[in-house]
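The values are calculated or read from the model by the stated rules, or taken from the named source; none is laboratory data. The structure presented is a predicted model; accordingly, all values stated were derived computationally and were not measured. In this analysis, Cβ positions are derived from the backbone assuming ideal geometry, glycine residues included, and neighbour counts consider all displayed protein chains. Please note that ligands, DNA and RNA were not included when accessible areas were found on the heavy atoms of the full protein model with its side chains. Shrake-Rupley method; radii C 1.70, N 1.55, O 1.52, S 1.80 Å.
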Amino acid sequence: MDDDVEVFGRRLRLRIDGPDAGRRFSAVIDDVERGQTLTRAPVRGRSAADARDRALEVAHNLVLIERLQDSIVGVARDLAPGGVVELHEDARGISAGLSGPWELTLPLLIERDDIYDEDFDLAAAEEKIRVHFVTHLRRSG
């Protein structure tokens with residue numbers, strides 16, 4: 001069963017298969033426009049609806065993280081031309097610094113708990129990114 005959805009403006013297709021021998025369902029998330037799979041492994045659930053719901057949550061989180069990273073790079077391009085953005089993602093969240101002719105006196109950190117909060121506001125986060133850069137940006141050296 002295929003289900004086309006839109007997440008933050010991205011067209012995705014959830015391909016749901018199953019049940020398998022263990023009576024589990026699997027959902028694969030495809031990025032329709034890019035022609036690639038969004039996850040390395042299928043998202044599993046006890047029913048087709050459960051697999052779909054879990055896949056939709058995973059897709060939401062992955063696309064949101066990608067949008068945040070794009071926003072960080074975009075702000076850096078606008079405010080720190082020639083600066084090299086250093087993005088890191090770990091258990092705490094997404095962090096960013098700069099190298100080259102610019103640096104951030106305090107690295108940017110967007111915590112994972114905030115990102116995964118169902119009330120997360122992308123527009124507000126993008127504004128916080130810009131304010132952080134304006135506040136902590138300086139020339140290197």
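Can you tell me the 0 to 90 degree angle between the C-alpha axis of helix 122-136 and the longest principal axis of the chain, rounded to 10? On a 0 to 90 degree scale, this one is about 20. Seen from L12, the other residues with C-beta closer than 15 Å to its C-beta sum to a net charge of -2, counting Lys and Arg as +1 and Asp and Glu as -1. Computed from the alpha carbon atoms alone, the convex hull of the chain holds 122 Å³ per residue. Between A55, A91, A27, where does the largest GNM mean-square fluctuation fall for the chain, given springs only between Cα atoms within less than 10 Å? Highest fluctuation among the options: A91. Using a cut-off of 12 Å between beta-carbons, work out the net charge of the residues near V75 (Lys and Arg +1, Asp and Glu -1, V75 not included). Net charge around V75: -1.
Of the residues I72, L56, L98, the one whose Cα sits farthest toward the positive end of the charge dipole of the chain, with +1 on the Cβ of Lys and Arg and -1 on the Cβ of Asp and Glu, is L98.
Annotation for region 93-141: GluC sites (Glu not before Pro) lying in DSSP loop with at most 12 further Cβ atoms inside 10 Å of their Cβ are E118.
Centre-to-centre, using Cα atoms only, region 67-83 and region 45-61 are separated by 32 Å. Do any trypsin sites (Lys or Arg not before Pro) in region 1-43 lie in a DSSP loop with no more than 12 other beta carbon atoms within 10 Å, and if so, which? Hits after loop and neighbour filter: R23, R34, R40. Neighbours of S95 by Cβ distance under 15 Å: Lys/Arg scored +1, Asp/Glu scored -1, total -4.
For the chain, the solvent-accessible area with a 1.4 angstrom probe is 60 square angstrom per residue.
Computed about its Cα centre, the charge dipole of the chain is approximately 380 debye, with only Lys, Arg, Asp and Glu carrying charge at their Cβ. Among A48, A124, A21, determine the one that fluctuates most according to a GNM of the chain built with springs between C-alpha atoms less than 10 Å apart. Per the Cα network of the chain with a 10 Å cutoff, A21 tops the list. The longest part of the chain holding none of the exposed loop chymotrypsin sites (Phe, Trp or Tyr not before Pro), meaning those outside H, G, I, E and B in DSSP with at most 16 other Cβ atoms within 10 Å, is 9-115.
Across the accessible surface of the chain, with the other protein chains kept in place and a 1.4 Å probe, carbon and sulfur atoms take up 47 percent.
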